[in-house]
């Protein structure tokens, strides 16, 4: 479909990921101002039920690749499906989330289509010629790069999570839905996923959480992370950790926020006992509201914080948790 934007909507176990809906919302905003149609693509096993749901988030047409062989993620197969669809539709851009999957697929897709890729975008603008101008952080968020295309060729972009708002439109159950056949020819897979072992459930995924409470070296030991967890539970958020806490073995690497961990953009980020080294700032500086709790008034985190509390976190966190519980009970 010429003059369209193709959005890859990631899913896990049949559940759509928020970042795909955010990408659809941004694509819809760009398309509304430029008259560009918005096409969505979902890939997996038992995902057809999500197709109509995408109309409520800005999709005007949905392409579904559904097969039992797609139950486990395959970089080669997913990229081939998307590249074949893109070659057919000739969209002006392909957009997806800057997740682990998105960062794996996007370069492969750009290479297959022999076009440019811009990763981890925090702002997108469509010019009159339908080319995209993207803004992305560089040097751990110290600079913002504005990336303009050198030609009008198709562009592949990934967007940072929790930066672009998802739409909540009226669902349109009559949007066109097309089921895609699996590629008839494939390059030989160099890897095959045989099994996925998940950690114990019940914890909210860090990159999806609107509120994150993170702990650092200032907690002085793994046993004190319960203070962070209690505040996160009271706020309805997720628990994160600094690299120092992870390196000390207090939390698994999956909790780490920072340059060598996860990049998050929640509505609110609470840093407890975290000094705020540049590596940590690179992973959370795009949060809308940053609250810092640290006993050192000269800690770098305070230069980034929206609100700062200088004091002993062992005294502050229990009181803060209790006040949050009281407020939530009052508002219930």
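Key figures
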quantity: Where labels lie 7 Å past Cα in the beta-carbon direction, separation of residue 195 and residue 139 in nm; calculated: 4.8 nm
quantity: Cα shape, the range 206-331, gyration tensor, a/c 1.5 rule; calculated: rounded
quantity: Residue among 244, 59, 181 with the largest mean-square fluctuation in a Gaussian network model of the chain, springs linking Cα atoms under 10 Å; calculated: 181
quantity: Rel. contact order, % - alpha carbon contacts under 8 angstrom, at least six apart, the range 206-331; calculated: 24 percent
quantity: Convex hull per residue volume in Å³, alpha carbons only, for the chain; calculated: 152 Å³
quantity: Ascending count of other beta-carbon atoms within 10 Å, so fewest first, for 130, 331, 9, 95; calculated: 331, 130, 9, 95
quantity: Inter-label distance for residue 314 and residue 296, nm, one decimal - labels placed 7 Å from Cα along Cα-to-Cβ; calculated: 1.8 nm
quantity: Sorted by Cβ density within 10 Å, fewest first, the residues 217, 88; calculated: 88, 217
quantity: Cα-based shape type of the range 73-153, given that a ≥ b ≥ c are square roots of the gyration tensor eigenvalues and the cut on a/c is 1.5; calculated: oblate
quantity: For the range 211-238 and the range 71-95, distance of Cα centres in Å; calculated: 40 Å
quantity: Where N is the number of residues in the range 4-179, Cα Rg divided by 2.2 N^0.38 Å; calculated: 0.95
quantity: Helix-only [θ]222 nm of the chain, DSSP H runs n ≥ 4, -39500 (n - 2.57) each, per residue, nearest 500; calculated: -8500 deg cm²/dmol
quantity: Gyration tensor verdict on the range 132-267 (Cα atoms; rounded if a/c is under 1.5, prolate if a/b is larger than b/c, oblate otherwise); calculated: prolate
quantity: Packing-based exposure ordering (other Cβ within 10 Å, fewest first) of 46, 120; calculated: 46, 120
quantity: Computed over the range 112-188, Kirkwood Rh from alpha-carbon pairs, angstrom; calculated: 15.7 Å
quantity: Listed residues 65, 241, 87, most fluctuating in the chain (Gaussian network, C-alpha, under 10 Å); calculated: 87
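Each reported figure results from applying straightforward, stated rules to the coordinates on display, with no laboratory input. These numbers come from a predicted model, not from an experiment. Positions of Cβ are backbone-derived with ideal geometry, glycine not excepted, and every protein chain shown enters the neighbour counts.
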